[in-house]
Amino acid sequence: MRKPVIAGNWKLFKTITESVALVNELKPLVAGNQGVEIVVAPVFTALSRVGDAIKGSNISMASQDCYWEEEGAFTGEVAPKLLKDAGCSHVIIGHSERRQYFGETDLTVNKKAKAAIAAGLSAIVCVGESLTERESDQTFNVIETQIKGGLEGLADLAFTHIVIAYEPVWAIGTGKTASDAQAQEVHAFIRQLIARLFGKPVADAVRILYGGSVKPDNVKGLMTQPDIDGALVGGASLKAESFAAIANF
């Protein structure tokens, strides 16, 4: 059985004080939930304080990005070992917004994933197609290219520290959600692709999340699908009550 992961990506929202208040409000709402891995991803400036606030709870913390070098003359970047030092157990890599606005490529995703794993973090590696790509029947080609490029050279053992997040770009922040069947179709394709590239045992074990306007009222349908192992949640993770409702699906 694959333990579900519900991860909240707070994006560029919440001050340090607001972030700590949110996680303190969330803790009692999910305290009894041992069947789901719950992860929150605050902004860089709030990581250390949120990390302190979640100690002893069943909530883990992710960074929203990282760099692939340990240290050096890389102004503005944050290394995986620094994120671990701040209390992170996970890092989100290759989110569509990083690809769209900040030049993220499959090559940089690959470098970041390897660096994160080497530092002892779990990498939540994001893949997904745009609306134009979906409408031109390129979804599977896009996903295959991103998976092959982003995970190239990873050993089977590394997959104990890999989570894949399928996020159709056309459904992020738009209020649109892929239907349960649409999401399942792509998740099944990803699992079959992982089996082909890395072997069936790896494919059977790897967790694949859905990300794209996940809310309390649609999470149950998504989670009934055989190849959907959780959610990467955006807007609904910014309120404790709605995020708890998703985590406690």
Total charge dipole magnitude, the chain, about the Cα centre, Cβ charges on Lys, Arg, Asp, Glu only, Debye to nearest 20: 480 debye
Among residues other than His187 whose Cβ falls under 12 Å from its Cβ, what is the net charge (Lys/Arg +1, Asp/Glu -1)? -2
Within the set of other residues whose C-beta is less than 12 Å from the C-beta of Ser96, count the net charge using Lys and Arg as +1 and Asp and Glu as -1. -2
The answer for the net charge of residues other than Asp106 whose Cβ lies under 14 angstrom from its Cβ, with Lys and Arg +1 and Asp and Glu -1, is +2
Mean Kyte-Doolittle of at least -1.0 and a Cα length of 15 Å or more along the axis: which whole DSSP H helices of the chain meet both? 16-30, 106-118, 139-151, 180-198
Distance histogram for the chain (every C-alpha pair counted, 5 angstrom bins, percent rounded to whole numbers): 1, 7, 15, 19, 21, 18, 12, 6, 1, 0
Measuring from label point to label point, each 7 Å out along Cα→Cβ, what is the Gln100 to Asp137 span in nm? 2.6 nm
For each pair in Lys111/Lys200; Lys55/Lys176; Lys111/Lys176; Lys55/Lys111, compute the distance between the two Cα atoms and list the pairs where it is over 27 Å. Lys55/Lys176; Lys111/Lys176; Lys55/Lys111
Computed D for the range 40-146, Stokes-Einstein, Kirkwood radius over alpha-carbon pairs, 37 °C, 0.692 mPa s, to the nearest µm² per second, is 223 µm²/s
Mean Cα-pair separation over length for the chain, i.e. relative contact order, pairs under 8 Å, 6 or more apart, %: 22 percent
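Read-outs throughout are calculated quantities, based only on the coordinates presented, and are distinct from any laboratory measurement. Quick caveat, the model's predicted, so the values are computed rather than measured. Note that each Cβ is placed from the backbone with ideal geometry, even for glycine, and that neighbours are counted across all protein chains shown.
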